[in-house]
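The values are calculated or read from the model by the stated rules, or taken from the named source; none is laboratory data. Since the structure is predicted, the reported quantities are computational estimates derived from the model, not experimental observations. Cβ coordinates were reconstructed from backbone atoms using ideal geometry, including for glycine residues, and neighbour counts include every protein chain displayed.
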Amino acid sequence: MTAPAAPAPVQLTHRQVLTVLSGLLLGMFLAALDQTIVSTAMRTIADELDGQTAQAWVTTSYLIASTITTPLYGKLSDQYGRKPFYLFAIGVFVLGSVLCGTAQSIYELAAYRAVQGVGAGGLMSLAFAIVGDLVSPRERGRYQGWFMAVFGTSSVLGPVIGGAFAGQASILGIDGWRWIFYINVPIGLAALLVVMRTLHLPKRVNEHRIDFLGAGLLTSAVVPLLLVAEKGRDWGWGSGLTVGLLVLSLASLIAFIAWERRMGPEAILPLRMFSSSIFSITSMTALLVGAGMFGGLVVLPLYLQIVKGSSPTEAGLQLIPLMVGIILTSGISGKVMSRTGRYKWFPVGGIAMMFIALMLMSTLTVDTPVPQTMSYMVLMGAGLGLSMQTLVISVQNAMPPRDMGVATSSVTFFRSMGGTFGAALSLAVLFGSLAGNIQERAVRAGLPQDVVDRFSTATALNDTSIIATLPEAVRRVVLEGFADSMTTVFFVVGLLLVPAFVLAVLVKEIPLRASGGLAAAHEDADAEARAETAESASAVVV
């Protein structure tokens, strides 16, 4: 039986790659920006929609939808081609953005954010996979550095743009906060047009079964975990609801593994990939790096705004050093990989730099100068730039070209899972220790016990705007309590990078291939065909 023909290789010039890249970057910019742009405007949005107590669902719905759809995009794009699914992801994201702008209640907004999340799940992972199809692993760092630059830029622009729009009562007769979502429409349409006109990939004609049950079991395993991570602090970690969701998640995971083993190569997440030590170790490393990264980045803007008194716009601008670090090291590492073909020590060094940066942040106080904090951000950004793209390239280079999509999306999936749990851990540590830290600081300052009790449990913990109205002595105590809790967070999430560092050291380095994913698949198919021809000829001779 003749092996199915691999797609014909696509050879693009550097200029053509950059043209395709422009559309992919616009799509990724949409997803990355939307992770941060809503955060600074959330208080205004919740006030407008009378939903302060339910606002967490706006973030949770987006996060859940984007996380669980990521591996689906990867597997389906391996089976049926990348372009249609990438265009679908952009279209769904734009539709979700329009719907979000029309929301009339906080629950409507949460539902529409889930639609956005369905699109976002494909924007990041498929962009990396498409670059993997077109560009060899050795050259890939040059181009994926642009993705890291977009990620860093969006991390800075998000809070700035979100704060600016939320600060306007109306723009062109429309509520200012609604433009946070409407701004995605022209960007998304531009990305759609560029990708449609410039991305030309061969169609895949092989017939496959779609693993619907596997997708459903994966969803029922992941969603309860994400819900517990996001809401467990409110529900109570030992409550019946929390325990029930964890049991459901575990049962679904067991059923998922059994079913995926039965599905074999058609599985939504083929278990054979975990037989590769590179894939297994790198996936776990990505999970821990995501936890450390998002765990730290969730609290850093809060430190600038609450403890240092920066406005959301000012805090966004003060995060620019983080972007500078990301752009600088991602560009350098990409060039070095292209020249030498070596990559292993980039994530090792990057994780070490992130760990050092978080340990330095764990020493921050109320009186730490902002420029000093910004110097720590440069180190944090440099670590991110060295580690994030190289983890993806490591897996892409190690796995067979036919698994480019599912391998890429799996790393993204584990990093997103880690980010969710890292952010949840950060907030749990922050608010779990806050009242006690404020009380301790108040006792040290000699404040009366009734004042201590009032401001360690009152609205200052839920509405930080009240802090500015407090008497100076009390305000100082509250800010010191916040600083103490935030530095504890930096220390705790920094510890997650210790096992990540060990795992990164253990990852086996394979020389980077000199051909892109499609070209490599074509070469593999040719080699298989030649082997079959030789075998047939040998049989005839005998």
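Candidates LEU192, LEU217: the one that is in a helix (DSSP H, G or I), modelled with pLDDT of 85 or more and not assigned by TED's automatic domain parsing to the domain that holds SER97 is LEU217. Reported count of residues in segment 334-362, each being within 21 Å of THR285 (Cβ to Cβ) and either without any contact (Cβ under 8 Å) to a residue 12 or more places away in the chain or in contact with a strand residue (DSSP E or B) (Cβ under 6 Å, 6 or more places away or on another chain) (or both), is 1. Within segment 281-304, not a single residue is free of Cβ contacts under 8 Å to residues at least 40 places away in the same chain and assigned by TED's automatic domain parsing to the domain that holds GLU480.
Per the listing LEU87, LEU72, LEU76, LEU123, the residue uniquely crowded, with 22+ Cβ neighbours inside 10 Å and more than 25 Å from VAL58 (Cβ to Cβ) is LEU76.
Here THR153 meets the list (1) surrounded by fewer than 21 Cβ atoms within 10 Å (Cβ to Cβ); (2) over 20 Å from SER416 (Cα atoms); (3) among the β-branched types (Val, Ile, Thr) almost entirely, failing just condition (2). Just checking, does segment 197-209 include any residue being assigned to a helix (DSSP H, G or I) and not assigned by TED's automatic domain parsing to the domain that holds LEU425? So far as segment 197-209 goes, yes, one or more of its residues are assigned to a helix (DSSP H, G or I) and not assigned by TED's automatic domain parsing to the domain that holds LEU425. Only one of the listed residues (LEU503, LEU425) is outside the structural domain of LEU134 (by TED's automatic domain parsing) and at pLDDT below 85. That residue is LEU425. Consider segment 90-120 and keep the residues that are in contact with a Ser or Thr (Cβ under 7 Å, 6 or more places away or on another chain) and under 18 Å from LEU26 (Cβ atoms). The one that is surrounded by the most Cβ atoms within 10 Å (Cβ to Cβ) is ALA120. Out of the residues in segment 56-69 that are of a type in the set (Gly, Ala, Ser) and at pLDDT 80 or above, state the one that is surrounded by the fewest Cβ atoms within 10 Å (Cβ to Cβ). Going through the qualifying residues, I end up with SER61. I'd like the full set of residues that are touching a helix residue (DSSP H, G or I) at 6+ places or on another chain (Cβ under 8 Å) and either hydrophobic (A, V, I, L, M, F, W, C) or buried (at least 24 other Cβ atoms within 10 Å of the Cβ) (or both), limited to segment 333-345. Matches in segment 333-345: SER333, GLY334, VAL336, MET337, TYR343.
The single condition among (1) in contact (Cβ under 8 Å) with a residue 60 or more places away in the chain; (2) over 21 Å from LEU427 (Cα atoms); (3) over 20 Å from the mean Cα position of the chain (by Cα) that GLN389 does not meet is (3).
Before we move on, is THR53 in a helix (DSSP H, G or I), at pLDDT below 80, surrounded by fewer than 20 Cβ atoms within 10 Å (Cβ to Cβ) and under 20 Å from the mean Cα position of the chain (by Cα)? So THR53 fails the test. The combined condition, being crowded, with 21+ Cβ neighbours inside 10 Å and modelled with pLDDT of 85 or more, is fulfilled by ALA483. For segment 434-470, a residue qualifies if it is modelled with pLDDT of 65 or more, surrounded by 11 or more Cβ atoms within 10 Å (Cβ to Cβ) and outside any helix (DSSP H, G or I), and the qualifying residues are LEU447, LEU470.
Might you let me know whether segment 331-340 holds any residue that is within 25 Å of SER136 (Cα to Cα), outside the structural domain of SER77 (by TED's automatic domain parsing) and outside any helix (DSSP H, G or I)? No, the conditions are met nowhere in segment 331-340. For segment 250-271, a residue qualifies if it is in contact with an Asp or Glu (Cβ under 9 Å, 6 or more places away or on another chain) and part of a helix (DSSP H, G or I), and the qualifying residues are TRP259, GLU260, MET263, GLU266, LEU271.
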